[in-house]
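The values are calculated or read from the model by the stated rules, or taken from the named source; none is laboratory data. Only a predicted model underlies this, so the values are computations on that prediction, with no experimental measurement involved. No Cβ is skipped: glycine too gets one built from the backbone with ideal geometry, and neighbour counts run over all protein chains shown.
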Amino acid sequence: MGRENAPSRNGLTMVNLRDVARLAGVSAATASRALAQPQMVSATRRADVERAAAALGYRHPNAAPEPGSWRSLGLVVPDMENPFFASIAKAVQRRARAAGLAVLVADTEDDALLEAEPIAQMRALVDGIILCSPRMPDAALAELVGGPEVLLVNRRSDHLRSVVIDNRDGVRQALAHLHALGHRHVAYAGGPRASWSDSERRGGLEPDYHGIGDLRTTPLGHFPPTFSGGVAAADLLIASGATAVLAHNDLVAFGLLERLRARGVDVPGELSVVGFDDVPAASFVNPALTTVAVPLDRLGRAAVDLLLDPDALVESVEPQGAETTTPSRLLPVSLVVRGSSGPARAVAPSATARA
């Protein structure tokens, strides 16, 4: 760690952050953010602070490494056994390797309580950290400001830059597809309660967003984002009377397919199933899974690019340049139609499914 103060050329007078702020005409807090987390400050104020710091010979102790001096990145993921995160990790490592950087990877076993420890350990070892789908509360994310930059993937925050997918539009595409097939009652097998992406996808279920007036949606609850989570949701799905279901992710959809098969429910003849992510196995299950495709490779590459270059083009519908808003790169998703979705039946399967 460097010192808050820097000696002048004569070695006697010390320059501190307040001097920089005074010369730039901003508060000390704004000056600190401009030097340590420049993405949180408007371009005009950042330039003012940087000119003042250069004139006074001051360098912030928590400033990010100079461009071109990076040697390593950290990557924290909830579960490397989940193909969604495994694909992102491979993309991050490929892009980092091309930039000559090593990558230190930590798996938090899908436990929000375990996220802080590897982040704290990494901050002393790497030049920047990519934090994928964190479950920690926003207040905890705010504490990561300063020091090596932390970039979020699949989570938006007021405090840190991020790369996210258009979750709500993915839900809208799935619902529009099912509605076109005649479905008027669609269930949602949700993800973990603390999942940011789950809350976004639930937002996509709202009539005010999707705009399909005669469509009813029924959330079945919160489930682990795993095969077993889908198995647990399947019986509730049958009891709901819905003719189709959108799963939080493809793993949940796989569990739904297996349990529906065990209950004697034909997919898609009696019930349509749609997933989210388009992991490699989605095209190999029987029937092949209709799902919302997430550009996983692009998500990982974009995270590295944005971390290395704070001024990289941000493809986003979010406001840019405001001091209270951090930029996020928003990536589009697209529906892939396969065999697990079909025309709605006039009668829901609950009356005929075997126990």
- Message: Whether any residue in segment 180-190 is in a helix (DSSP H, G or I) and under 30 Å from A120 (Cβ atoms) is what I want to check.
- Response: no
- Task: Residue by residue through segment 172-193, note down the ones that are touching a strand residue (DSSP E or B) at 6+ places or on another chain (Cβ under 9 Å) and hydrophobic (A, V, I, L, M, F, W, C).
- Result: A174, L175, A176, L178, L181, V186, A187, A189
- Item | Residue among V126, V171, V150, V145 that is in a helix (DSSP H, G or I) and surrounded by 17 or more Cβ atoms within 10 Å (Cβ to Cβ) | V171
- Message: Can you tell me how many residues within segment 102-122 are touching a residue at least 40 places away in the same chain (Cβ under 8 Å) and under 16 Å from P148 (Cβ atoms)?
- Response: 3
- Message: Filter segment 242-267 down to the residues that are surrounded by fewer than 24 Cβ atoms within 10 Å (Cβ to Cβ) and more than 16 Å from G230 (Cβ to Cβ) and list them by number.
- Response: G264, D266
- Quick one: which residue in R45, R18, R94, R33 is among the charged types (D, E, K, R), part of a helix (DSSP H, G or I) and at pLDDT 90 or above? R94
- Message: Just to be sure before I move on: is A232 surrounded by fewer than 20 Cβ atoms within 10 Å (Cβ to Cβ), closer than 10 Å to A189 by Cβ and in contact with a helix residue (DSSP H, G or I) (Cβ under 8 Å, 6 or more places away or on another chain) in the structure I sent?
- Response: yes
- Message: Testing G211 on (1) farther than 26 Å from P332 by Cα; (2) small (G, A, S); (3) surrounded by fewer than 21 Cβ atoms within 10 Å (Cβ to Cβ), one condition comes back false. Which one is that?
- Response: (1)
